[in-house]
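Participant: Dumping the structure here so I can ask a few things about it.
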Amino acid sequence: MAKDYAKPVSQDELITAKAGLEAHGFKVQIVDHLPAAKAAVLEQIPKGADVYTGTSITLDEAGLTKELNESGNYDSARKRFMPMMQDDPLKARQIGSASEYAIGSVHAVTQDGQVLIASSTGSQLSNYIYGADHVIWVVGAQKIVKDLAEAFDRIETHALPLEDARAHIVYGVGSAINRLVIYRNETRERVTIILVKQAVGY
């Protein structure tokens, strides 16, 4: 029977994943629900900070996309670079590649502490992997999987079809796994992962 990748893992599996992530250098918090996740993110970001938000259903559901980009409390990199995409794409990419804070989500987390991020364009990856001083990922408990084999399967059979459908509606074109990053260790103490006990995003 196919694994249900929309179902949150158990409390024990959540704790195991937290320990695995911490062993790989990630800072980890576990929260009960999205309002708590939103509060945990915002308490780490000073007002006025330069903030990049990756495209994320999880951030949308938490109200973080709107708060970080539209409240006026933060210097939104997205608001600065999006209007430049047509006329000065190089400058736009530069602005979106090295922010003070990068906020988003990921597509799978293994029990032993590896994080996988799939992308069609790769636009979020430079900030996540190297550019940002601080990275915060909000991750629903349904994204925790046993190992890399399940992580790849989750991305290809669950996350991609949902993102492809969303992309067709929003952009008029489908999505694809053109870039796939396995983030195995954090050596700069810059990444915080907020694990939500509920299924959030996809």
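Read-outs: derived from the displayed coordinates by stated rules, not from any lab. Model, not experiment: these values are computed from the prediction. In this analysis, Cβ positions are derived from the backbone assuming ideal geometry, glycine residues included, and neighbour counts consider all displayed protein chains.
Participant: Restricting to DSSP H runs of at least four residues, report the calculated mean residue ellipticity at 222 nm for the chain, -39500 (n - 2.57) per run over all residues, nearest 500 deg cm²/dmol.
Facilitator: That calculation yields -9000 deg cm²/dmol at 222 nm.
Participant: Taking GluC sites (Glu not before Pro) as candidate sites, keep only those in a DSSP loop with at most 14 other Cβ atoms within 10 Å, then name the longest stretch of the chain containing none of them.
Facilitator: In short, 44-188.
Participant: For Lys27, give me every one of the aspartates and glutamates with a C-alpha distance below 19 angstrom, ignoring sequence neighbours fewer than eight places off in its own chain.
Facilitator: Partners within reach: Asp12, Glu13, Glu43, Glu100, Asp112, Asp133, Glu186, Glu189.
Participant: Still on this structure, please answer the following. Helix 11-23 versus the longest principal axis of the chain: what is the Cα-based angle in degrees, 0 to 90, to the nearest 10?
Facilitator: 60 degrees
Participant: Let me ask something else about it. Taking the chain as the reference, fit the longest principal axis to its C-alpha atoms, fit the long axis of helix 160-171 to the helix C-alpha atoms, and give the angle between the two in degrees, 0 to 90, nearest 10.
Facilitator: That works out to roughly 20 degrees.
Participant: If you don't mind, another one. Name the residue farthest towards the positive end of the dipole of the chain from the options Pro35, Thr53, His158, assuming +1 on Cβ of Lys and Arg, -1 on Cβ of Asp and Glu, about the Cα centre.
Facilitator: Final value for the positive-end residue is Thr53.
Participant: Here are some pairs, Lys18/Lys66; Lys66/Lys91; Lys18/Lys79; Lys91/Lys197; Lys7/Lys79; Lys7/Lys47; which of them have Cα atoms lying more than 31 Å apart in this structure?
Facilitator: Pairs exceeding the cut-off: Lys18/Lys79; Lys91/Lys197; Lys7/Lys79; Lys7/Lys47.
Participant: May I ask you to sort Tyr183, Tyr52 by Cβ crowding, counting other Cβ atoms within 10 Å and putting the fewest first?
Facilitator: Tyr183, Tyr52
Participant: About its Cα centre, what dipole magnitude does the chain give when the only charges are +1 on Lys and Arg Cβ and -1 on Asp and Glu Cβ, stated in debye to the nearest 20?
Facilitator: Taking the Cα centre of the chain as origin, the dipole is about 180 debye.
Participant: Given charges of +1 on the Cβ of Lys and Arg and -1 on the Cβ of Asp and Glu, with all other atoms neutral, how large is the dipole of the stretch 1-76 about its Cα centre, in debye to the nearest 20?
Facilitator: Dipole of the stretch 1-76, to the nearest 20 debye: 100 debye.
Participant: Quick check on the chain: of the DSSP beta bridges with both residues there, what percent are antiparallel, nearest 5%?
Facilitator: In the chain, approximately 25 percent of DSSP beta bridges are antiparallel ones.
Participant: Now for a separate question. Select from Ala102, Ala36, Ala118 the residue whose mean-square fluctuation is largest in a Gaussian network model of the chain (Cα-Cα springs shorter than 10 Å).
Facilitator: Its mean-square fluctuation being the largest, the pick is Ala36.
Participant: What residues have an amide H closer than 5 Å to that of Val145, excluding those fewer than 5 places away on the same chain, when H is modeled at 1.01 Å from N in the peptide plane?
Facilitator: Long-range HN contacts for Val145: Val109, Thr110, Gln111.
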